[in-house]
Amino acid sequence: MDLISIRDLEKKEIKEILDSAEEIEAGKKKPDLHGKILATLFFEPSTRTKLSFQSAAMRCGMQTLDFSPETSSLKKGESFHDTIKTVEGYADVLAIRHPKEGAVRLAADVISKPVVNGGDGGNQHPTQTLIDLFSIRKIKGKMEQLNVTLMGDLKHARTMRSLVYGLAMFGSNVTLVSPKGLEMDSTYLEEVSKKFGLNVKMKDKPEYADADVLYVCRIQAERFADPYEAKSVQAKFMIKKEDLKDAKKDLAILHPLPKINEIENSIDEMPQAQYFKQAHYGVPLRMAVLEHVMKR
Amino acid sequence: MDLISIRDLEKKEIKEILDSAEEIEAGKKKPDLHGKILATLFFEPSTRTKLSFQSAAMRCGMQTLDFSPETSSLKKGESFHDTIKTVEGYADVLAIRHPKEGAVRLAADVISKPVVNGGDGGNQHPTQTLIDLFSIRKIKGKMEQLNVTLMGDLKHARTMRSLVYGLAMFGSNVTLVSPKGLEMDSTYLEEVSKKFGLNVKMKDKPEYADADVLYVCRIQAERFADPYEAKSVQAKFMIKKEDLKDAKKDLAILHPLPKINEIENSIDEMPQAQYFKQAHYGVPLRMAVLEHVMKR
Amino acid sequence: MDLISIRDLEKKEIKEILDSAEEIEAGKKKPDLHGKILATLFFEPSTRTKLSFQSAAMRCGMQTLDFSPETSSLKKGESFHDTIKTVEGYADVLAIRHPKEGAVRLAADVISKPVVNGGDGGNQHPTQTLIDLFSIRKIKGKMEQLNVTLMGDLKHARTMRSLVYGLAMFGSNVTLVSPKGLEMDSTYLEEVSKKFGLNVKMKDKPEYADADVLYVCRIQAERFADPYEAKSVQAKFMIKKEDLKDAKKDLAILHPLPKINEIENSIDEMPQAQYFKQAHYGVPLRMAVLEHVMKR
């Protein structure tokens, strides 16, 4: 099977994958995909996601093959369709990232080997969403009835929409904090609410006193016409050590990384900082995903 | 042993390699080169060939090491000789592609580990020729007494000359279709004819009514002084779905890929289109080659 | 444990690593690190060192993961600290090269997985020094009481300082030959001398009649204001075949490679030329190092 969007997965299936990742992480289980090959095709750079997929594959006993578009036949004018059809013959499963929305779904339709979406444009990045849910469950012991605050540019952050979808599915409360003009699309929120009954609040300045989880994402300067405004907004939304005094003691701060200036460096060493652990959870989670898509 | 040119191989040896690839492809055999390392040294980009070699190596249980000239000591002025001598110590077999004719033979002379030519300039690309022969035999059930039409820029296409050599060796009839000025070198054809007795026809427009196999290769716009002429010739030589009505029902269309505009996209889904399968045959064929060169 | 500088190693520990490399090289021993992953993070290109580390890891049964800074989150402004903390989660041991002195030590302090220094600026490159010592011991049968001449730009060559340190530790005599202005730092030499009692001579023109080992390194044209002077100095320090008539019969010539024009090509084929063998020793030596740092 393929994994293109978090919306393709039933709640039961998500639970299955998270349970499997949990057993892997605890050393109780190790998927054996020895002799199989993962091809990574990243038409847009992302070292972190690629390395995490490769590490996961190796931990399952697989080998990895990297297709790099820079030095490839794409330059000679080959179509995406032809590239995918060719690489299909070299591997057993493909992890694809592409700048265009829908490109990975198209790839999955064209070939018969399993395809995992490593991010397609502003659209979907399902393994990141699964890592986020896994991290929350692992750190908080549950995914239900938590207060989760998402903060940053929620208009453009690809994975934030999917995370809201997942949190709603499992019945957590969501607070969305974003600068004016960078709010999450309201039509989308209504749609999710209709489906799962979402308890959502929206705010335009940092506030997370009652949050169990604070999920931070970047606010890119490029989104603002005025560079001074960009700097001022970024400064206002940056999390400082002193801000944490008013937060819950067991607040968990997550971030998809790379972080630039959203979180003060000194926070890295505090127990609230869970983002490096979150990044590391990418490996057991993707091991579970590889096993999941390859066994069907 | 090394594999530098198809001309270094006896007919018997080619048969041996193809037979071996056939058993591998059918899952009846799997070369075990576990613990060995293939180094790929591509001084000219070619994702397809490189990935195919790497995949083949992994399927034999090997690991692969990639030397990329862009970030290497070559920039500091190191000689090709020194680079090869050094990398020799890191691997058990080397697959080398180089823009200069003869460079790979030179590399093979300098070191004692087996070397496989991954293409040297306009000269040789023996594993591609073996894939072509293997594909023809696999799809047609034989390599003898077939009508094989080669079409495109036969003057510059590296692998076309070697394919004619192989087809002549096994006694198939060859029709060469190319735009005026892009014909295959006649001295070369005479030489092959003298050696094996080649039945060859030459044409300057598309015609393949009696062909069992139609092998298409690219006509690059850069070969023409006049861009309008280039476009017009490319259009004339493009294979369209409707053209296939006059062809044999079981015609097999091959192409070394990447294809740009030589074959109409709609043909991809037709049973005549065998080029993706041909690309995939690269893996079992190169597995057979790796085993072949490493066992001696 | 980490391996950041040759100075972190006791004499006993160096001997242990060299002995281990010797057994590996002789095929009497093979470290089994199957299932483990080496991440290579080269923030400065060095194909040779990277390939050698990767080959060594594969020979121990490991897989390798390559972090390439060009296509990474570094471009988005991620800190070195964050990159290292993230990659830590993907591998079991990290080999890092960085243009800034001290960067690798910092990385080792930040993470808990073993780190091996693959060269940090003009500072340390401990595996190269171990390869140099190993090569000398392997070729000469000992490291003690040899006459070792180091020749070239001894002011800037990173590994030369460490080699002097190692040679002094084992009680060999050192002659330093370098163009005026490119001498090795005298404060450093005094420090080494104080520690181990170094027998050192300094010369400003090529002279190696009584040398058992001649270790050559590059003199870069960029070090000279006047390009004519650069050429003239390079020519004067180049080793020519005829020069070897006055040298010891069993002189061993070493070079860290890549060599450009320090050694006449015709010398490559002479028994004195040991630099390719030296490069190849990088594999067993690094196998021994990987085992050494991972077992503690």
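The values are calculated or read from the model by the stated rules, or taken from the named source; none is laboratory data. Keep in mind it's a predicted model, so treat the numbers as computed, not measured. Positions of Cβ are generated from backbone atoms using ideal geometry, with glycine treated the same way; all protein chains shown enter the neighbour counts. We work out accessible area using only protein heavy atoms, side chains counted, and drop any ligands, DNA or RNA first. Shrake-Rupley method; radii C 1.70, N 1.55, O 1.52, S 1.80 Å.
Taking a 1.4 Å probe, which of B:I136, C:I260 shows the most accessible area, and what order do the others take after it?
C:I260, B:I136
Cross-link list B:K11/B:K142; C:K138/C:K236; C:K12/C:K142; A:K100/B:K245; C:K11/C:K241: which exceed 26 angstrom alpha carbon to alpha carbon?
Checking Cα-Cα distances, C:K138/C:K236; A:K100/B:K245; C:K11/C:K241 exceed 26 Å.
For B:K138, C:K28, C:K241, give the ranking by accessible area with the largest first, probe 1.4 Å.
Ranked from most to least accessible, the order is C:K28, C:K241, B:K138.
Among the GluC sites (Glu not before Pro) within segment A:1-86, which fall in a DSSP loop and have no more than 14 other Cβ atoms within 10 Å of their own Cβ?
Values: sites: A:E10, A:E13, A:E16, A:E22, A:E23, A:E25, A:E70, A:E78; in loops: A:E10, A:E78.
Passing both the DSSP loop test and the Cβ count: A:E10.
Using the Cα centre as the reference, give the magnitude of the dipole from point charges on the C-beta atoms of the protein assembly as shown (Lys, Arg: +1; Asp, Glu: -1; all else neutral), rounded to the nearest 20 debye.
That gives a dipole near 940 debye.
Positive end of the charge dipole of segment A:161-296 (Lys, Arg +1 and Asp, Glu -1 on Cβ, about the Cα centre): tell me which of A:M184, A:A273, A:S172 has its Cα farthest that way.
A:S172
I'd like the residues of segment A:251-288 whose 1.4 Å-probe accessible area shrinks by no less than 10 Å² going from the isolated chain to the full set of protein chains.
The answer is A:P258, A:K259, A:I260, A:D268, A:E269, A:F276, A:A279, A:H280, A:V283.
For A:R7, what accessible area in Å² do you get when you roll a 1.4 Å probe over the heavy atoms of the protein chains, rounding to the nearest 10?
So the heavy atoms of A:R7 present about 90 Å² to solvent.
So which GluC sites (Glu not before Pro) in segment B:107-190 end up in coil per DSSP with only 16 or fewer other C-beta atoms within 10 Å?
Here the GluC sites (Glu not before Pro) that fit, given the DSSP loop and packing criteria, are B:E144.
With a 1.4 Å probe and all protein chains left in place, how much accessible area per residue does chain A have, in Å²?
40
What 222 nm value per residue comes from the helices of chain B, counting each DSSP H run with n ≥ 4 as -39,500 (n - 2.57) and dividing by all residues, nearest 500 deg cm²/dmol?
Value at 222 nm, helices only, nearest 500: -11500 deg cm²/dmol.
Can you bin chain C into rounded, prolate or oblate? Criterion: square roots of the alpha carbon gyration tensor eigenvalues sorted a ≥ b ≥ c, rounded for a/c under 1.5, prolate for a/b above b/c, oblate for the rest. Walk me through the numbers on the way to the answer.
Details: a/c = 1.78, a/b = 1.45, b/c = 1.23.
Prolate is the answer for chain C, as a/c is 1.5 or above and a/b outweighs b/c.
What are the residues of segment C:79-128 that lose 30 Å² or more of accessible area, with a 1.4 Å probe, going from their chain alone to all protein chains?
Buried-area filter returns C:H81, C:D82, C:K85, C:T86, C:G89, C:Y90.
Rounding to the nearest 20 debye, state how big the charge dipole of segment B:126-279 is about its Cα centre with +1 on each Lys and Arg Cβ and -1 on each Asp and Glu Cβ.
320
So what are the protein assembly as shown's ellipsoid semi-axes, whole angstrom, largest first, if each one is the square root of 5 times an eigenvalue of the alpha-carbon gyration tensor?
The three semi-axes for the protein assembly as shown are 45, 45, 24 Å.
Label points 7 Å out from Cα along the Cβ direction at B:E70 and C:V110: separation in nm?
Distance between the two pseudo-spin positions: 2.5 nm.
Please report the spacing between the Cα centers of segment C:211-263 and segment C:30-100 in Å, no decimals.
Here the two parts' Cα centres lie 33 Å apart.
How far, in nm to one decimal, is C:S186 from itself in the other copies if the label point is set 7 angstrom along Cα toward Cβ? Shortest first, please.
Computed spacing set for this position: 7.9, 7.9 nm.
What percent of all Cα-Cα pairs in segment C:126-180 falls into each 10 Å bin, going from 0 up to the bin containing the maximum distance?
P(r) for segment C:126-180, in whole percents per bin: 25, 58, 16, 1.
With the dipole of segment C:65-162 worked out from charges on the C-beta (+1 for Lys and Arg, -1 for Asp and Glu) around the Cα centre, which of C:Y90, C:G102, C:M160 lies farthest toward the positive end?
C:M160
Axis carrying C onto B: which residue of C has the nearest Cβ, and how far, whole Å?
For chain C, the closest residue to the axis carrying it onto B is C:Q63, 4.
Over segment B:126-279, what percent of the accessible surface lies on carbon and sulfur atoms, probe 1.4 Å?
47
As a test of the definition: with a 1.4 Å probe, what buried accessible area, both sides summed, do you compute for C against A, in Å² to the nearest 100?
2100
For segment C:126-279, what's the radius of gyration and Dmax over Cα atoms, in angstrom?
14.5, 43
Placing the label point 7 Å from Cα along the Cα-to-Cβ direction, what are the distances from A:E23 to the equivalent spots in the other copies, shortest first, in nm to one decimal?
Copy-to-copy label distances for A:E23: 3.9, 3.9 nm.
How far apart, in nm, are two points set 7 Å out from the Cα along the Cα-to-Cβ line at A:K142 and at C:D8?
Taking the simple label geometry, A:K142 and C:D8 are separated by 4.5 nm.
Shielding of A:41-53 by partners, i.e. mean partner chain Cβ atoms within 10 Å per residue?
4
Applying 1/(1 + (r/R0)^6) with R0 = 35 Å to the Cβ-Cβ distance of A:M238 and A:K30, what FRET efficiency is obtained, to the nearest 0.05? List each step's numbers first, then the result.
On the way: r = 40 Å, r/R0 = 1.15.
It comes to 0.30.
Calculate, in nm to one decimal, what C:D250 and C:D226 gain on full extension: separation in residues at 0.36 nm each, minus their alpha carbon distance.
4.9 nm
Name the shape class, rounded, prolate or oblate, that the alpha-carbon gyration tensor gives for segment A:189-270, where a ≥ b ≥ c are the square roots of its eigenvalues, rounded holds for a/c under 1.5, and otherwise prolate holds if a/b is larger than b/c and oblate otherwise.
oblate
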